[in-house]
Amino acid sequence: MMFHFRFVRIFWPALVVVVLLSIGVGGVPFALVLATLVGVLHILVNSFIELRQRRYSLDYIAFVALIVSIVSGQYLAGAVVALMFTGGRGLEAFASQRAYAALKSLGDAIPKRVLVWRDGSYQEVAVQHIQAGERILIKANELVPLDGILVSEAGTFNLANLTGEILPADFKKGTFIKSGLVNTGTTVEIRVVGDFSSSTYHKIVELVADARAHPARLVRVSERANIYFTIITFVFVVLAYLIDGSVVRLLAVLVIATPCPLIIAAPVAFLGGMSRAARAGIIVRRPAAFEGLDAADAIFFDKTGTLTIGEPTLSLVTPYGSLSETDVLKIAAAIEIHSLHPLARATVHAATHRGITFPIATDVTETIGRGISGVVDGTRYTIIGCAHTHHGIALELRSSETICAHFYFADTLKHGAADFLKNLLEQGIRTEIITGDTKENAAAVFAGIPVTIRAETSPEEKYRRVEQAHAAGQIVVMIGDGLNDAPALARADVGVVFSGGENGASITAADVVVLHHHIEKISELFATAHRTVRIARQSMYGGIALSAIGMAFAAFGFIAPVTGALLQEIIDVVVIVNALRALSARF
């Protein structure tokens, strides 16, 4: 498979380059014609493969352009088209290889062999051979390979792969544990439910693979323009034949009708837009993504890490009794500095940020799922979790049976996120937040913003939400940052992902990768897309208009074939110069 991808990627464009380098052997015209014929052969081979697979969306435009370039003597244009076509197909093969490699890495993340209790001891067994009801051992920092029931008294797991949420969750004995979670506590035992093929994580991998195999269909701007260009060309060809019946006059029309504006304008504009975006730290992996962004009817956002900072922050401290806010924060930080829990880090950060000097607690004891305690200034204090409230996630500070304080934590919106969402809503673009977080937390984060929130959604539900929008005829942009978003990112017309250290699968599933975490980059991406598509349209339709004027003069005998060829080259230059405006930073 890997050899096949590499071979396809380099063979045809390499062959075109080799032929062009043979100018010294047969001369310039010979090399250019031969390069053009390589492009024709490539299209014929691809068409044969596509037809065998019952796919009929063939490369008609490129084929006609190559044939007309030979007939009309526009050998240089034909060679350029051949190089662009084979090179573009090579890039597609490269993208397919990367997608295949990432899907393989998703599967590789699942432990191949797991410790299972059999015959009175733990034995290593291939994960595919483990049966329902058997007990498996999951060590610290291992990914849970199979769905099951927690047999150990308690366990702590990172839910990010499934929900995208930042906080680890503490589960008690008897809790259903989904595969894909990562054990962030001590070694635990799980009794398997179902088998590998029915596991949650395996389903995510399958969803991503299915979405990549059946990408969303965008009607590209060049395809729409080709309809008009074909009609115009046909009209003038028939007109030229009816007026004179001369092959020379017919050739003059065909020379000017060479569809270089269609072949060149969009790629040049899109490459310019891609370069412009890259300078801003935005990698657009396929040019068609610009068209999807420009025409988007619905934009779906993940919450955590996408619109929010992705780290819990201490939002409110409520002290009780004689202790002040500074007092309780000093005590909490003295204890929490011993813990690696995200809420502990947020507490210590808040104390440090406020300039509070705190001692280091002694005799500290941390129990997974129950809390942490320690002695500060001769008094033992305990910090435990308490039920979610309208303020968000909460911790409670106790001394013996006395409640000393409540600490409330929230994941806050990124700077500019609220204004960005409101702007989308004002434009009439359907905007939804689809998150694995709870309804209460999500509602608290987006309070005051009239955006639709779909909370507690699984990766499968996010995927189905995109499919439902497709069924309603909408062009969907999905913006996320984690593995739990990967199926939806791959299924959307355009998937946009914020890059990070542990989201390689979501990056591969996406069409656009933002190398920063600032929400302003999304605004810049949309602005770049709108401008790039506008310039591409101007270049193509402007080129069509100029070609139409030239064809009209040729049909009535005012332009000879040689003059027509020169005129077409001038049109090409005008089109390319205009398309290059997409490179500029001006919006």
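General observations
- Residue list for the stretch 151-169, restricted to those being part of a strand (DSSP E or B), modelled with pLDDT of 85 or more and surrounded by fewer than 21 Cβ atoms within 10 Å (Cβ to Cβ): A154, T156
- Some residue of the stretch 429-439 being in a helix (DSSP H, G or I), buried (at least 16 other Cβ atoms within 10 Å of the Cβ), assigned by TED's automatic domain parsing to the domain that holds D302 and not small (G, A, S): no
- Number of positions in the stretch 413-445 that are of a type outside the set (A, V, I, L, M, F, W, C) and closer than 19 Å to L159 by Cα: 7
- Counted residues, the stretch 282-330 - those being modelled with pLDDT under 85, touching a Ser or Thr at 6+ places or on another chain (Cβ under 7 Å) and in a helix (DSSP H, G or I): 0
- The stretch 459-473, subset of a type in the set (K, R) and under 17 Å from T431 (Cβ atoms), residue surrounded by the fewest Cβ atoms within 10 Å (Cβ to Cβ): R465
- Those residues of the stretch 520-549 which are among the hydrophobic types (A, V, I, L, M, F, W, C), surrounded by fewer than 22 Cβ atoms within 10 Å (Cβ to Cβ), under 22 Å from G281 (Cα atoms) and over 19 Å from the mean Cα position of the chain (by Cα), in sequence order: none
- All of (1) in contact with a strand residue (DSSP E or B) (Cβ under 9 Å, 6 or more places away or on another chain); (2) in a loop (DSSP other than H, G, I, E, B); (3) surrounded by 23 or more Cβ atoms within 10 Å (Cβ to Cβ) hold for S339 with one exception: (3).
- One residue stands out in the stretch 219-254 among those that are aliphatic (A, V, I, L, M), surrounded by fewer than 16 Cβ atoms within 10 Å (Cβ to Cβ) and closer than 27 Å to F290 by Cβ: the one that is modelled with the highest pLDDT, namely I231.
- Test: residue in the stretch 496-519 that is under 14 Å from the mean Cα position of the chain (by Cα), among the charged types (D, E, K, R), modelled with pLDDT under 90 and farther than 14 Å from T304 by Cβ: yes
The values are calculated or read from the model by the stated rules, or taken from the named source; none is laboratory data. The structure displayed is predicted, hence computed values, not measured ones. Glycine also receives a Cβ, built like all others from the backbone with ideal geometry; neighbour counts cover every protein chain displayed.
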